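Here's the structure, in structure tokens; my notes come after.
The values are calculated or read from the model by the stated rules, or taken from the named source; none is laboratory data. Given the structure is predicted, the values throughout are model-derived calculations rather than measurements. Note that we place each Cβ from the backbone using ideal geometry, even for glycine, and neighbour counts take in every protein chain shown. The area values use the complete protein model at the heavy-atom level, side chains included, leaving out ligands, DNA and RNA. Shrake-Rupley method; radii C 1.70, N 1.55, O 1.52, S 1.80 Å.
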Amino acid sequence: MSQTQSALARLLPGLGRRTLVMGILNVTPDSFSDGGLFQGEAAARGQAERLVGEGAAILDIGGESTRPGHTPVPAAEEQARVLPVIRALAPGLSVPISIDTYKASTAKAALEAGATIVNDVWGLQREPDIARVAAEHGAPVIVMHNRETIDPAIDIVADMLRFFERSLGIARAAGILEADIVLDPGIGFGKSWEQHLESLRRLPEIRALGFPLLVGVSRKSLLGRLHDRETRPADRLHGSLAAHALAATLGADIVRVHDVAAHVDAMRVVDAVMRPETRA
């Protein structure tokens with residue numbers, strides 16, 4: 001992988017030296033955990049300030065829920081949700097904003113509004129023009145594995161490797177530097193429950209590709225299946241911490257979370273053991 005100085009290194013100088021925490025800001029009415037809570041500029045601004053104050057190194061803003069069974073949102077509606085928030089936050093925010101979208105037009109508008117990273121849950125493959133948009137803006141990309149259907153019979157990591165090969169080809173053809181690419185195994189997307197767990201267990205095989213890894217398991221239903229009681233998403237903090245601590249020990253560089261303060265504390269412990277050079 002190229003060692004060329006990259007936008008990613010500039011935006012996230014701690015990447016690779018400590019486990020970074022990405023704070024989730026959903027400005028949607030139907031996200032599985034916090035739908036409707038942060039719609040509107042004032043609510044979004046308050047939440048953004050709280051997440052950054054708690055130690056988020058990146059703020060991930062999304063205007064379309066990607067939970068199982070979600071209703072797709074037209075690009076115009078998605079942009080109406082996210083653009084006012086990005087414009088309001090970007091000038092004074094001390095951390096970069098990533099736009100959580102697979103739509104090229106939304107990525108372009110968000111980057112022009114002040115976002116600096118593209119986080120694509122379809123790995124540049126649903127709308128490949130999104131790679132050109134990112135390249136033209138010098139924006140790093142987060143490339144997530146996803147599937148249209150769940151197939152419990154397949155080797156899910158082998159499927160990821162093939163998927164990422166296609167995504168990396170799209171990125172390279174568009175002119176995105178390899179040093180500006182982050183991979184995400186897509187825990188919670190297009191996989192059986194057993195495949196979710198296997199994806200976490202086999203993270204080192206994805207890390208071996210040589211790219212930084214992002215893992216997001218925060219509050220997801222796959223954690224709820226491990227409890228002996230019914231849980232709401234907000235009740236799954238302990239499972240989220242355990243999953244992300246495990247992911248960080250297995251190679252994750254960034255964890256995408258709802259509960260920033262707790263994860264910042266947990267990742268400091270993991271880093272003190274796994275990356276002792278980061279200790280003060």
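Set side by side, the residues Ala262, Ala242, Ala234 differ, and just one is free of Cβ contacts under 8 Å to residues at least 24 places away in the same chain, among the hydrophobic types (A, V, I, L, M, F, W, C) and open to solvent by 20 Å² or more (accessible area, probe 1.4 Å), which is Ala242. Residues that are open to solvent by less than 60 Å² (accessible area, probe 1.4 Å) and not basic (Lys, Arg) within the range 265-275 comprise Ala266, Met267, Val270, Asp271, Ala272, listed in sequence order. Considering only residues that are outside any strand (DSSP E or B) and aliphatic (A, V, I, L, M), look in the range 43-58 and name the one that is farthest from Ile254 (Cα to Cα). Here the residue is Ala43.
Pairing each residue of the range 156-179 that is among the charged types (D, E, K, R) with any residue that is at pLDDT 95 or above and open to solvent by 50 Å² or more (accessible area, probe 1.4 Å), provided the two are 6+ apart or on different chains, yields C-beta distances under 7 Å for Arg166/Gln125.
Could you tell me whether the range 171-189 includes any residue that is at pLDDT below 95, of a type in the set (Gly, Ala, Ser) and open to solvent by less than 60 Å² (accessible area, probe 1.4 Å)? Scanning the range 171-189 turns up at least one residue that is at pLDDT below 95, of a type in the set (Gly, Ala, Ser) and open to solvent by less than 60 Å² (accessible area, probe 1.4 Å). Taking the listed residues Arg81, Arg67, the one that is touching a Gly at 6+ places or on another chain (Cβ under 6 Å), modelled with pLDDT under 95, within 28 Å of Arg147 (Cβ to Cβ) and basic (Lys, Arg) is Arg81, with no other qualifying. Being over 18 Å from Ile187 (Cα atoms), under 18 Å from the mean Cα position of the chain (by Cα) and either without any contact (Cβ under 8 Å) to a residue 24 or more places away in the chain or buried (at least 17 other Cβ atoms within 10 Å of the Cβ) (or both) is the requirement here; does Ile86 meet it? Considered against the rule, which asks whether it is over 18 Å from Ile187 (Cα atoms), under 18 Å from the mean Cα position of the chain (by Cα) and either without any contact (Cβ under 8 Å) to a residue 24 or more places away in the chain or buried (at least 17 other Cβ atoms within 10 Å of the Cβ) (or both), Ile86 comes out as yes. Filtered by the rule that a residue be farther than 22 Å from Ala56 by Cα and open to solvent by less than 40 Å² (accessible area, probe 1.4 Å), the range 98-121 gives Tyr102, Lys103, Ala104, Thr106, Ala109. Selection of the range 122-147 for residues being more than 13 Å from Ser167 (Cβ to Cβ) and either modelled with pLDDT under 95 or of a type outside the set (D, E, K, R) (or both) yields Val133, Ala135, His137, Gly138, Ala139, Pro140.
Pro13 meets each of the listed conditions (1) open to solvent by less than 60 Å² (accessible area, probe 1.4 Å); (2) at pLDDT 90 or above; (3) assigned to a loop (DSSP other than H, G, I, E, B) apart from (1). The set of residues in the range 151-170 being over 21 Å from the mean Cα position of the chain (by Cα) and open to solvent by 50 Å² or more (accessible area, probe 1.4 Å) consists of Asp151, Pro152, Ala153, Asp155. Only a single item in (1) touching a residue at least 60 places away in the same chain (Cβ under 8 Å); (2) open to solvent by 30 Å² or more (accessible area, probe 1.4 Å) is not met by Arg202, and it is number (1). In the range 73-129, of all residues being of a type in the set (Gly, Ala, Ser) and touching a Lys or Arg at 6+ places or on another chain (Cβ under 7 Å), the one that is nearest to Ala43 (Cα to Cα) corresponds to Ala88.
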